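Taking it in order: structure first as structure tokens, then the write-up.
The values are calculated or read from the model by the stated rules, or taken from the named source; none is laboratory data. These numbers were taken from a predicted model, which means no experiment stands behind them. Note that each Cβ is placed from the backbone with ideal geometry, even for glycine, and that neighbours are counted across all protein chains shown.
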């Protein structure tokens, strides 16, 4: 991107919205240090005004590449330091209310994925935020087209461009980038049988992402956010291709046997989440999860971890609405390699399902243990952008 001007007015001494607007007009790039200071000292209303001004100037100067680079980098630096999903929402709101929205969307994507950033020391943070921003841009384009069909021309081409640019970012080893891509393509290809982009991502780094997320379930300071991200995004992963399901099985098997008490809680939480999803969103992932539980149960029987076996059976009970539930359970019951105690668990599961018992009534399967019952920490509903930021910092 453009180099920062020397001997020119500086963001360092900026104290008002008017001064910030002047710096945008004369083409001064906002540096990371200045951005951190300004987002900490400016009131929220003033920050909103500055972001809106930057977006309007970006739309006006859609034919001037240098101005685009300066304003886009300044926006990214401001948004990255603000660490606020509401500020990104403000930017998108202003962008989509501008008549030059379509061409500006294209320009933003070209700039963030083709130019070098002036602030080399913080180029990773800026790039991570640029990927997050393009993901949100893709979501916003879809939402706008649903609300105002036909007003945006070339929506399909815009979304294809978003997908192409994001796929080019998939070579990054950044956790923030990878988590953002998993969520974006998971959402946009939900319910699609042939998930071209999502399957490619899972093949490229799915094992690493799942390992990081599952490992965080066992860390007190981050488990609540890791749990929320997993519960929201595992349904997408369970809809993916056979290769992805193999990755899921290997990761789940490793962490379930490593910490059976806590991972058993996660399996039940995931089953409850999928049980509560709308029927039109749940068919593919529910069937896949049922098969994952069946495969894991066989492994657990082989190594004779009874409590984990009981947790899996209780989790399976939450999936009894699946049309293949009885078939899968019967095949599991008839497996000659199951230990007798584990076969009995499956028989109780089948009885409970046929009697239409609540999954909670299967808790009698579990042994009563002394001491404190393990639980997974829960967090309030945190936005995806905040989840990604928190988890990537924790992983780093």
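Just a few scattered comments:
- Long-range neighbours under 6 Å by Cβ, at least six apart or interchain, first residue free of Cβ contacts under 8 Å to residues at least 12 places away in the same chain within the range 143-154, second surrounded by 10 or more Cβ atoms within 10 Å (Cβ to Cβ) and not in a loop (DSSP other than H, G, I, E, B): 145/155
- Scanning the range 56-83 for residues that are under 26 Å from the mean Cα position of the chain (by Cα), farther than 14 Å from residue 26 by Cα and buried (at least 18 other Cβ atoms within 10 Å of the Cβ) turns up 72, 73, 75, 76, 77, 78, 79, 80, 81, 82.
- Residue list for the range 183-194, filter: part of a helix (DSSP H, G or I) and out of contact with any helix residue (DSSP H, G or I) (no Cβ under 6 Å at 6 or more places or on another chain): 187, 188
- Any chance residue 290 is outside any helix (DSSP H, G or I) and modelled with pLDDT of 95 or more: no
Yes or no, residue by residue, for (1) out of contact with any helix residue (DSSP H, G or I) (no Cβ under 8 Å at 6 or more places or on another chain); (2) at pLDDT 95 or above; (3) over 18 Å from residue 191 (Cα atoms):
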residue: 219; (1), (2), (3): no, no, yes
residue: 228; (1), (2), (3): no, yes, yes
residue: 250; (1), (2), (3): no, yes, yes
residue: 253; (1), (2), (3): no, yes, yes
residue: 266; (1), (2), (3): no, yes, yes
residue: 273; (1), (2), (3): no, yes, no
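- Residues (in contact (Cβ under 8 Å) with a residue 40 or more places away in the chain and crowded, with 20+ Cβ neighbours inside 10 Å) located in the range 190-216: 195, 198, 202, 206, 210, 213, 214, 216
- Scanning the range 21-39 for residues that are without any contact (Cβ under 8 Å) to a residue 24 or more places away in the chain and exposed (fewer than 15 other Cβ atoms within 10 Å of the Cβ) yields a count of 2.
- Every residue from the range 107-121 that is farther than 17 Å from residue 169 by Cβ and either surrounded by fewer than 16 Cβ atoms within 10 Å (Cβ to Cβ) or at pLDDT 90 or above (or both): 107, 120, 121
- Flag for residue 336 being in the same structural domain as residue 232 (by TED's automatic domain parsing), assigned to a loop (DSSP other than H, G, I, E, B) and modelled with pLDDT of 95 or more: yes
- Check on residue 394, modelled with pLDDT under 85, part of a helix (DSSP H, G or I) and closer than 30 Å to residue 133 by Cα: yes
- The range 368-396 residues that are outside the structural domain of residue 126 (by TED's automatic domain parsing), paired with ones that are modelled with pLDDT of 60 or more and part of a loop (DSSP other than H, G, I, E, B) (beta carbon under 6 Å, 6 or more apart): 394/222
- Any chance residue 320 is at pLDDT below 95, in the same structural domain as residue 271 (by TED's automatic domain parsing) and in a helix (DSSP H, G or I): no
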